[in-house]
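> The structure that follows is given in the form of structure tokens.
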Amino acid sequence: LLNDFEDGGLTEFSGDTGSASIVTTGVYRGSNALQLDATDEAHIYDDSISIDQGTTLHAHTFLLDKTVGIITFGVQDSGVDYYQVVFDEKDNEVRLEVVENGSVSNTLDTLSVSLDRQKYYEVEIDWNITDNIGVTVKNANDNELATLGGEDNTYTTGSTGFKSGDSNGAKNFDFYTTSARSADIRALEGGVNGNVGAESLTVAPTPP
């Protein structure tokens, strides 16, 4: 678990924190959720943590009314360079985009999907070590609605965050976590004698 906002605070976040608050309505799990107000481009990011390629990230967004809610990852120190998954309820689209210096520099994929207001959606982001980024969108019943993705290595590590994509209304976010981690490994013994089956390495030193 990265954050479920149950502590009621946002001290770990940087960016446009004046546009963010903790609310008790429109909650996915527990008692609290994060809300960004109707400030276009308002972006907050948790620079107390960092994830990198090989991580699977999950987050949830709740669109109040014809709004655009955005989940960001790979956020660089400046806060203006990152990847973003855009839930565009107004145009019924989900987009995977590269943002550089505060502007979209590349749209890696776009998918048309009907997004209902006042319902939670989960995004699963598989940020693969092969530079592939896979995005799966699920509804509150854990049913898969859409998949999209692309290949890009503009960023390979960074923090995670949330963003308001328009000035039409507030957007809620809740419960974001990681569920998997992959990494490159090398056998000490070369050749077929060093081969092992998939998912058979279950013990690792600490730190790895």
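Here is a yes/no grid of residues against (1) outside any loop (DSSP other than H, G, I, E, B); (2) of a type in the set (Phe, Trp, Tyr); (3) without any contact (Cβ under 8 Å) to a residue 12 or more places away in the chain; (4) surrounded by 16 or more Cβ atoms within 10 Å (Cβ to Cβ):
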| position | (1), (2), (3), (4) |
| --- | --- |
| Ile125 | yes, no, no, yes |
| Gly149 | yes, no, no, yes |
| Phe162 | yes, yes, no, yes |
| Asn168 | no, no, no, yes |
| Gly190 | no, no, yes, no |
| Thr202 | no, no, yes, no |
| Thr206 | no, no, yes, no |
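> OK, next. Restricting the stretch 170-187 to residues that are outside any strand (DSSP E or B) and out of contact with any Gly (no Cβ under 7 Å at 6 or more places or on another chain), which is surrounded by the most Cβ atoms within 10 Å (Cβ to Cβ)?
Ala170
> When only residues in the stretch 46-72 that are part of a loop (DSSP other than H, G, I, E, B) and open to solvent by 10 Å² or more (accessible area, probe 1.4 Å) count, which is nearest to Ser114 (Cα to Cα)?
Lys66
> Taking Leu111 as the residue in question, decide whether it is touching a strand residue (DSSP E or B) at 6+ places or on another chain (Cβ under 7 Å), of a type outside the set (Asp, Glu) and in contact (Cβ under 8 Å) with a residue 40 or more places away in the chain.
Working: touching a strand residue (DSSP E or B) at 6+ places or on another chain (Cβ under 7 Å): yes; of a type outside the set (Asp, Glu): yes; in contact (Cβ under 8 Å) with a residue 40 or more places away in the chain: no.
The answer is no for Leu111.
> So which of Asp109, Asp142 ends up being surrounded by fewer than 21 Cβ atoms within 10 Å (Cβ to Cβ) and assigned to a loop (DSSP other than H, G, I, E, B)?
Answer to the check: Asp142.
> Now a separate question. I'd like the full set of residues that are charged (D, E, K, R), open to solvent by 10 Å² or more (accessible area, probe 1.4 Å) and either over 19 Å from Thr156 (Cα atoms) or in a strand (DSSP E or B) (or both), limited to the stretch 73-99.
Residues satisfying the conditions are Lys90, Asp91, Glu93, Arg95, Glu97.
The values are calculated or read from the model by the stated rules, or taken from the named source; none is laboratory data. Just so we're clear, the structure is a prediction, and the values are computed from it rather than from any experiment. Cβ sites come from the backbone with ideal geometry, for glycine too, and all protein chains shown count toward neighbours. Surface areas here come from the heavy atoms of the whole protein model, side chains and all, with no ligands, DNA or RNA. Shrake-Rupley method; radii C 1.70, N 1.55, O 1.52, S 1.80 Å.
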